Amino acid sequence: MIWFVRYTFTYPLNVENPRQSLIDALHSNELEYSKSGTQFKIKRKLGLFFRNSWNPIFVGDFEYKAGRSHLCGYFRVHWYTLIFSAVFLGALLFELIATFFQPEIRSGYTLGWKAESIKSTLTFIAAFFGVTFVGWLFGLSSARRIIAAIRESTAG
């Protein structure tokens, strides 16, 4: 599962109502969904006390091409998580760039402050990517479950 990469699932001709087939498969796999028009948002509800901000959400639309129905969509994370991550990473990169343009010797600072500041900021950036990667890994089981349910609905 890769975020923001488009997936296409083709329904066979013998499936009369692909939307209902998808809904039945989602119910049997205990997945949550919401729909508006032709768009479906599918996610896996986690346990009572467990939360994962990087839990994937599949967003797809039904399209009718060449006499067949297709569910085309992509995985994404919650918008708040995406916005928070972008702002946090942007602030860290801004701090890193601002430190590069500061003089090495400044009054009130000890010698070597610039290298320590850069090292500290790079450590935070590495931690940011580490937490994001771990969240993505924990979300893989949810993504696999969503894909399995969609494939079950296309089995006809």
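Tabulated data
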item: Calculated FRET value between SER28 and ARG68, using beta carbons and R₀ = 30 Å, to 0.05; result: 0.85
item: Per residue accessible area of segment 4-143, 1.4 Å probe, in Å²; result: 64
item: Tail beyond 29 Å, pair distance distribution of the chain (Cα, percent); result: 39
item: For segment 72-119, the spread of Cα positions along each principal axis, largest first, Å; result: 58, 16, 15
item: GluC sites (Glu not before Pro) lying in DSSP loop within segment 57-129, provided at most 13 other Cβ fall within 10 Å; result: GLU104
item: Gain on full stretching of the segment that runs from LYS119 to SER141 - 0.36 nm per residue minus C-alpha separation; result: 4.5 nm
item: Distance from segment 55-103 to segment 1-30 (C-alpha centre basis), Å; result: 23
item: Descending Cα extents along the principal axes, segment 88-142, whole Å; result: 53, 17, 13
item: At least 24 Å along the helix axis (C-alpha) and Kyte average at least 1.6, DSSP helices within the chain; result: 79-100
item: Qualifying trypsin sites (Lys or Arg not before Pro) in segment 61-106, DSSP loop, other Cβ atoms within 10 Å at most 13; result: ARG106
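The values are calculated or read from the model by the stated rules, or taken from the named source; none is laboratory data. Here the structure is a predicted model, which means the values were calculated and not measured. Every residue, glycine among them, receives a Cβ derived from its backbone with ideal geometry; neighbour counts consider all protein chains shown. Please note that ligands, DNA and RNA were not included when accessible areas were found on the heavy atoms of the full protein model with its side chains. Shrake-Rupley method; radii C 1.70, N 1.55, O 1.52, S 1.80 Å.
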